[in-house]
Amino acid sequence: MRFFIRTYGCQMNEADSERIARLLVDEGYLPARSEEEADLIVLNTCAVRESAEEKVWGKLGRLAQLKRRKPDLLIAVGGCMGQAYGGRIIERFPHVDLVFGTRSFVELPRLIRLRLESGRPVVDISEPPKSPFAPQLRADRIRAWVPISTGCDNFCSYCIVPYVRGRLINRPVDEIVSEVERLAEEGYKEITLLGQNVNSYRWGDVDFPKLLSILNEVDGIERIRFVTSHPKDVPERLLDAIAELEKVCEHLHLPAQSGSNSVLKRMNRRYTRERYLRIVEGLRRRVPWAAITTDLLVGFPGETDEEFEETVKLVEEVRFDYAFCYKFSPRPGTRAAEMGDQVPEEVKSERLKKLIDLTQRIALERNEEMVGRIEEVLVEGENPKVEGELKGRTRTNKLVFFRGDRRMIGSTVKVRIREASYWYLRGEVEDELRGAGRS
Ligand code: SAM
Ligand code: SF4
Ligand code: F3S
């Protein structure tokens with residue numbers, strides 16, 4: 001049996017797909033290179049916006065044709081839409097064989113056996129007693145996702161995540177440390193700690209800044225990143241950790257969502273614009289070259305022109321290195337979906353366009369400031385679009401393309417930046433810094 005996993009949504013889902021792959025390989029399945037070659041197709045889905053769901057509904061429609069040609073093909077739908085819709089997915093698409101949820105994926109091999117033995121579709125979105133932090137079969141050999149928590153207790157009024165991912169569960173600190181030590185032994189250079197709100201991590205007396213300081217001591221790991229940080233929980237000690245811990249990269253992804261205090265209140269974000277700006281100022285005071293990226297949401301119910309302009313002003317003031325901008329999408333079951341005064345679609349689109357234009361212009365200006373500088377780049381692989389080019393990232397998480405030898409992959413090199421766009425840099429290798437290259 002060969003399997004193919006298609007992942008939608010955030011890094012959490014990417015990490016879960018790596019766990020699903022591991023469970024399937026341990027069960028004797030082999031990875032397929034394409035959907036056509038697979039006997040089992042798993043869609044690990046995202047429900048954060050309607051547009052994310054549309055992609056999956058469209059995909060399921062197209063998979064019906066493949067299933068007609070290959071009646072023994074198994075189609076499994078899991079992740080956040082699996083959790084949100086359960087058996088309704090099979091009612092709408094009867095060619096789906098199996099639906100699982102954001103925690104029941106640990107039971108996937110058993111669910112597949114049940115499907116094959118019973119000859120009937122299987123739906124299981126329960127919360128099994130097993131740990132959700134199952135081992136992963138990692139897709140990359142240099143950078144690794146390390147989940148430190150799962151779920152979310154914040155209940156921002158627009159967000160479906162707490163409903164589909166469940167309550168917050170922190171991972172035991174010893175388990176995190178031994179996983180990172182194992183990754184270092186296997187030659188991984190960079191880890192990204194994952195959680196919906198990593199700064200709320202706590203295990204006994206270990207909070208998030210303390211966890212960073214423990215992981216900073218693991219030999220072999222060169223870079224530590226983390227997503228996502230919530231502005232309501234950024235203590236000064238976290239900014240100190242970014243500034244002082246050698247391996248912690250100088251990049252903070254800090255979703256602002258809005259620059260208006262009244263909107264932030266309706267969103268239940270529990271910080272103010274002033275608090276947000278204090279964090280930015282605190283980080284820049286300690287590390288002037290740090291990169292700050294964000295998520296912005298336009299068209300939240302009741303958002304007035306004035307409130308939107310507050311977001312524009314925040315963007316102009318902070319000058320983000322990059323911003324992911326989204327149109328508010330009402331999610332069933334969330335409080336914001338029930339609020340009156342929904343913003344018309346044309347207004348949302350207009351605001352989104354204005355914000356994208358502005359944030360991209362600023363991102364370009366920030367990247368242009370880097371032209372001429374020398375940056376430490378961890379080489380991740382080849383640029384799939386340009387033969388002979390490699391790609392890597394600066395400590396500030398900027399993507400850099402440059403000409404180089406495949407043997408540099410996995411090592412850190414010095415690159416002089418020659419060219420900038422809003423989403424990448426291009427440069428020339430000045431000097432190989434450290435780390436044995438791999439082929
Ligand atoms: N936990 C993170 C946080 O608190 O920022 C990220 C959660 S979510 C997976 C990623 C982004 O999706 C959010 O920051 C928000 O901007 C956006 N998002 C969440 N719900 C949304 C909705 N209903 N409509 C549009 N965008 C949404
Ligand atoms: Fe959603 Fe808010 Fe939790 Fe992020 S912190 S996952 S936006 S509820
Ligand atoms: Fe992530 Fe989408 Fe689920 S953003 S947590 S995959 S709803």
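The table that follows gives values for the structure above.
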read-out: Directionally averaged projected area (convex hull, Cα atoms, segment 1-86), nm²; value: 5.5 nm²
read-out: DSSP-loop chymotrypsin sites (Phe, Trp or Tyr not before Pro) across segment 135-202, with at most 13 other Cβ within 10 angstrom; value: PHE155
read-out: Cα-based Kirkwood hydrodynamic radius, segment 61-178, one decimal, Å; value: 16.1 Å
read-out: Virtual spin-label span in nm between GLU37 and ALA243, 7 Å along Cα→Cβ; value: 5.1 nm
read-out: Two-site FRET efficiency, GLU50 against LYS313, from Cβ-Cβ distance with R₀ of 22 Å, rounded to 0.05; value: 0.15
read-out: Amide N of segment 217-253 lying under 15 Å from the label point, which is placed 7 angstrom from the Cα of GLU185 along Cα→Cβ; value: 218-221
read-out: Pairwise label distance in nanometres, ARG275 with GLU236, each label 7 Å out on the Cα-Cβ vector; value: 1.7 nm
read-out: Test item: Cα-centred dipole of segment 239-314, Lys/Arg +1 and Asp/Glu -1 on Cβ, debye; value: 280 debye
read-out: Fraction of antiparallel bridges per DSSP, the chain only, in percent to nearest 5; value: 40 percent
read-out: Burial ranking of peptide ranges 342-348, 34-40 (average Cβ count within 10 Å, highest at the top); value: 34-40, 342-348
read-out: Near-label residues of segment 373-408 by backbone N, under 19 Å of a point 7 Å along Cα→Cβ of SER421; value: 380-394, 397-404
read-out: Accessible surface of segment 143-368 [probe 1.4 Å, protein heavy atoms]: carbon and sulfur percent; value: 51 percent
read-out: Globularity ratio of segment 1-148, using Cα Rg and 2.2 N^0.38 Å; value: 0.97
read-out: Value of [θ]222 nm, deg cm²/dmol, for the chain, DSSP H segments ≥ 4, -39500 (n - 2.57) each, nearest 500; value: -11000 deg cm²/dmol
read-out: Estimated FRET transfer efficiency (GLU382, ARG141; beta-carbon r; R0 22 Å; 0.05); value: 0.95
read-out: Extension gain from GLU117 to LYS414, taking 0.36 nm per residue of separation minus the Cα-Cα distance; value: 101.3 nm
read-out: Trypsin sites (Lys or Arg not before Pro) lying in DSSP loop within segment 74-139, provided at most 15 other Cβ fall within 10 Å; value: LYS130
read-out: Accessible area per residue, Å², segment 298-438 with all protein chains present, probe 1.4 Å; value: 49 Å²
read-out: Relative contact order (percent, whole number), the chain, Cα cutoff 8 Å, 6+ residue spacing; value: 9 percent
read-out: Rg/Rh (Cα only; Kirkwood hydrodynamic radius) as it applies to the chain; value: 0.96
read-out: Per the chain, cysteines lacking a partner by the 4.7 Å Cβ criterion; value: CYS10, CYS46, CYS80, CYS152, CYS249, CYS325
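The values are calculated or read from the model by the stated rules, or taken from the named source; none is laboratory data. For clarity, every value in this text was computed on a predicted model and none was experimentally measured. No Cβ is skipped: glycine too gets one built from the backbone with ideal geometry, and neighbour counts run over all protein chains shown. What goes into the accessible areas is simple: the full protein's heavy atoms, side chains included, and nothing from ligands, DNA or RNA. Shrake-Rupley method; radii C 1.70, N 1.55, O 1.52, S 1.80 Å.
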